[in-house]
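Have a look at the structure below before the remarks.
The values are calculated or read from the model by the stated rules, or taken from the named source; none is laboratory data. All values derive from a computational prediction rather than experimental measurement. A quick note on method: Cβ atoms are made from the backbone with ideal geometry, for glycine too, and the neighbour counts reach across all protein chains shown. In case anyone asks, the SASA skips ligands and DNA or RNA and just uses the protein heavy atoms, side chains included. Shrake-Rupley method; radii C 1.70, N 1.55, O 1.52, S 1.80 Å.
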Amino acid sequence: MENLNKLNKTELENLLKKLKLYNTLKRQLWNRAKQEFDKIINWKQVYKVEYFEWISKQEALNEAIKIYKKIFDINIDEKSIIMKENKELNWGIRVFKNDNMIDLSYRRIENFFRK
């Protein structure tokens, strides 16, 4: 504790920032670990679709169902899909099955041509 008394204001502020970052990361990693554990123990599959804000939710859902059937060979119920709007896609959708992803977004194409 004596070492903390020797720190100046700037050093204490930097230490506080590091402690806050550590606490945030610890909390986020713990939450992610709980989710992964739940998936493994309960054999739970996660189906998620991210879509650009200008695409209707229903249109994105219809395309996702087609992709799940064609790519993953799954007949999926609409209710088991988590739908999430994502403005960063610039257009299109992303379809997730657990950690697998099919990216049909403009952002993917844009990044491809930057290389």
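For each pair in K39/K69; K18/K87; K44/K79; K18/K48; K66/K97; K17/K48, compute the distance between the two Cα atoms and list the pairs where it is over 24 Å.
With Cα atoms farther than 24 Å apart: K18/K87; K18/K48; K17/K48.
Would you kindly state how much longer the chain becomes between M83 and K69 on full extension, computed as 0.36 nm times their sequence separation minus their alpha carbon distance, in nm to one decimal?
Additional length available on full extension: 3.3 nm.
Take each uninterrupted DSSP H stretch in the chain, measure its Cα extent along the helix axis, and return the ones at 15 Å or beyond whose mean Kyte-Doolittle hydropathy is at least 1.0. All intermediate terms of the calculation are to be shown ahead of the outcome.
Details: long enough: 9-42 (49 Å, -1.02); 57-70 (20 Å, -1.04).
Counting only whole DSSP H runs, no helix qualifies.
Spin-label point model (7 Å from Cα, Cβ direction): what's the K18 to Q35 distance in nm?
Modelled inter-label distance: 2.9 nm.
With an 8 Å Cα cut-off and a minimum separation of 6 or more residues, compute the relative contact order for the chain in percent. All intermediate terms of the calculation are to be shown ahead of the outcome.
On the way: 109 pairs, mean separation 27.9, N = 115.
After rounding, I find 24 percent.
What whole-number value in Å² describes the accessible area per residue of the stretch 10-53 for a 1.4 Å probe? Let's see the in-between values first.
Numbers: 3820 Å² over 44 residues.
That works out to 87 Å² for each residue.
Average the reciprocal distances over every distinct pair of alpha-carbons in the stretch 23-62, invert the result, and give the Kirkwood radius in Å.
On the way: mean 1/r = 0.0792 Å⁻¹.
12.6 Å is the Kirkwood radius here.
Of the DSSP beta bridges with both residues in the stretch 1-105, give the percent that are antiparallel, rounding to the nearest 5.
70
How many angstrom lie between the C-alpha centres of the stretch 1-34 and the stretch 37-65?
Centre-to-centre distance over Cα atoms comes out at 35 Å.
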